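Notes follow once the structure below has been shown.
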Protein chains: 2
Amino acid sequence: MYGPGDVRVEEREDPKIEEPTDAVIRVSASCICGSDLWPYRGFDPADHQVMGHEYVGVVEEVGSAVRELEVGDFVVGSFVISDNTCEICRAGYQSKCVHGTFVAESIGTQAERARIPHADGTLVRTPEHPGPELIPSLLAASDVLGTGWFGAVAADAGPGRTVAVVGDGAVGLMGVLAARELGAERIIAMSRHADRQELARFYGATDIVEERGEAGVEKVRELTGGLGAHSVIEAVGTQESMMQAIDSARPGGHIGYVGVSHDVELPGGPLFFSTVHLHGGPAPVRRFLPDLVRRIWDREIDPGRVFDLSLPLEEAAEGYAAMDERRSIKAFLTL
Amino acid sequence: MYGPGDVRVEEREDPKIEEPTDAVIRVSASCICGSDLWPYRGFDPADHQVMGHEYVGVVEEVGSAVRELEVGDFVVGSFVISDNTCEICRAGYQSKCVHGTFVAESIGTQAERARIPHADGTLVRTPEHPGPELIPSLLAASDVLGTGWFGAVAADAGPGRTVAVVGDGAVGLMGVLAARELGAERIIAMSRHADRQELARFYGATDIVEERGEAGVEKVRELTGGLGAHSVIEAVGTQESMMQAIDSARPGGHIGYVGVSHDVELPGGPLFFSTVHLHGGPAPVRRFLPDLVRRIWDREIDPGRVFDLSLPLEEAAEGYAAMDERRSIKAFLTL
């Protein structure tokens, strides 16, 4: 990304092993994330920035200290590098690994090849090479599925719970899927776009609320006996969406917020008196990856349907434009 | 409280039963809360306001619908009225009961008598009338102990955990006690006052940190292998103390914040990237009261030591002044 709105696909030097814990992978598929739109729209800085942090691929080379992976393995990786052995990783917060780095900032996987540090701790191997029909779902696990899943776990979604989902982008839709898989009784998707509503219903939404802001909060309260939802997944990251999420939760309810926070200031008083639980941040996708890969492999879940546009890597710029203009929920990049 | 800094003890009309679920109690002891200092210092409005929300006493009269209590029972009550039967109460959030009201705003228990609505759902009876040595501890359960306990539970304090406590007032000290009772391995009390440090050690603090703000955060990190505490109890309610709490927690750590929030704005970005759990608010003391009363009755805990000044009710104004000037941690009012 040369700058906001300016995405170009160019030749870069091939990555190679630098550390003994590295792997180099040939990327089989990549995609564009809602969070890539922040710099694209000028809300985050972008100055000749490598792009992309979602990826699946085949291991081409491994460093001498890599133990779990072999050349030829098909792998899915998290959008944050993690050693998966430090105390923070062991507690399930691989996105804050003491050796953690963001793939988006340092590597850029909207590319043919990528060097993945701490390969054992970042990548998860599939049982065999997947057929092409599984690639979109496995790719989704790399971020949007893992992030939506974390949102649902952070929101304490589960049996008997009513879960409201703020945000109908790919992460929000994956939050719906995760809430269903975790056994939620009722799932309220907040969306005013027919195509996204349909996908939300496919993934398990039982109710659709088109209203936003206070009107949306009112509607969720109406649907929950005046109390608010047990669980709210926040998948946008703005002031309005955060306040909508907090106000939609019942006392003692849980908010899992996974929309990257932009210009948000949470007022202490209302938050205090709400007595909600607030948890979120960059998702520790690696925590969930082995389970998610298994669910995909066994055809229990079909997160790949979140991709509604497929383009060759060379046409990545069009994918950004389509997502920016909301012509596409999420763009898949073929290689 | 006629206004900031102006507390007077005057004759008021005796309360009587108004609803069948009411009880009228004769207050045996009351006290002054750190939160009473907010209006005293002019940070909250106060205009001829009844004061006091902590109380133990003897039931003098019950309404026709009261089932669990009898005239003559010795009771401890929460600082929030709750029916203890609604869906929110049953989920453990009695401080947000659908019929909830704050004792501080409506009743005022720095008084000889008080009408307690929803008596069955608000009050807890002791096994027998307590001896005078137990009264301070039982009174503490009414708010400061219950609030510190909630802070520790919300901060997920428990075996193997390092718990940092921000705030060395009565609630912070009770947070130390609660963390110890919940089995925390290490308890870091943040205090720069020798008398409070000593009490913190008595209640279970293993480490004292005198630094505040960023220096305090640094010190907690030093004591926790650079990672931060697993659990942080925030018992102040200011911007500085909240940020200190958030910054002192490790990724995935838990903050239980029970200091009443004043002029706090939490920056979304740092909160998001911290990946901490945030939970707090007005403590659902009623959830914990039966257990706390039992622990006090069995002499397992001695929260009453948090009172370092005892005055007759008539001299309440001096109690406020002493706490305001930090000459006293917490003032006990005898009747």
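The values are calculated or read from the model by the stated rules, or taken from the named source; none is laboratory data. Just so it is clear, the structure is predicted and the values come from calculations on it, not from any experiment. Because the Cβ atoms are built from the backbone with ideal geometry, glycine has one as well, and the counts that use them run over all protein chains shown.
The figures follow:
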quantity: Single condition residue A:130 does not satisfy, out of (1) within 27 Å of residue A:327 (Cβ to Cβ); (2) surrounded by fewer than 20 Cβ atoms within 10 Å (Cβ to Cβ); calculated: (1)
quantity: Residue tally, condition more than 14 Å from chain A (Cβ to nearest Cβ) and surrounded by fewer than 21 Cβ atoms within 10 Å (Cβ to Cβ), over the stretch B:86-110; calculated: 2
quantity: Of residues in the stretch A:305-322 being under 18 Å from the mean Cα position of the chain (by Cα) and surrounded by 19 or more Cβ atoms within 10 Å (Cβ to Cβ), the one nearest to residue A:42 (Cα to Cα); calculated: A:320
quantity: Positions within the stretch B:159-183 being surrounded by fewer than 24 Cβ atoms within 10 Å (Cβ to Cβ), more than 18 Å from the chain's Cα centre (by Cα) and either at negative phi or assigned to a strand (DSSP E or B) (or both), in sequence order; calculated: B:159, B:161
quantity: Single match in A:220, A:209, A:232, A:276 (criterion: more than 10 Å from chain B (Cβ to nearest Cβ), buried (at least 23 other Cβ atoms within 10 Å of the Cβ) and over 27 Å from residue A:308 (Cα atoms)); calculated: A:220
quantity: Residue tally, condition assigned to a strand (DSSP E or B) and surrounded by 24 or more Cβ atoms within 10 Å (Cβ to Cβ), over the stretch B:185-206; calculated: 4
quantity: Every residue from the stretch A:23-65 that is in contact with a helix residue (DSSP H, G or I) (Cβ under 9 Å, 6 or more places away or on another chain), under 13 Å from residue A:123 (Cα atoms) and surrounded by 22 or more Cβ atoms within 10 Å (Cβ to Cβ); calculated: A:23, A:25, A:27, A:53, A:54, A:55, A:56, A:62
quantity: Qualifying positions in the stretch A:168-188 - of a type outside the set (Asp, Glu) and in contact with a strand residue (DSSP E or B) (Cβ under 7 Å, 6 or more places away or on another chain); calculated: A:172, A:175, A:176, A:179, A:180, A:183, A:184, A:186, A:187, A:188
quantity: Some residue of the stretch A:142-165 being more than 24 Å from residue B:87 (Cβ to Cβ), aliphatic (A, V, I, L, M) and in contact (Cβ under 8 Å) with a residue 12 or more places away in the chain; calculated: yes
quantity: Single unsatisfied condition, residue A:295 versus (1) in contact with a helix residue (DSSP H, G or I) (Cβ under 8 Å, 6 or more places away or on another chain); (2) at pLDDT 95 or above; (3) facing chain B (nearest Cβ under 9 Å); (4) surrounded by fewer than 24 Cβ atoms within 10 Å (Cβ to Cβ); calculated: (3)
quantity: Qualifying residue in the stretch B:21-32 (condition: without any contact (Cβ under 8 Å) to a residue 60 or more places away in the chain and either acidic (Asp, Glu) or assigned by TED's automatic domain parsing to the domain that holds residue B:326 (or both)); calculated: no
quantity: Candidate set from the stretch B:248-273 (those that are surrounded by fewer than 20 Cβ atoms within 10 Å (Cβ to Cβ) and in a helix (DSSP H, G or I)); member that is farthest from the other protein chains (Cβ to nearest Cβ); calculated: B:270
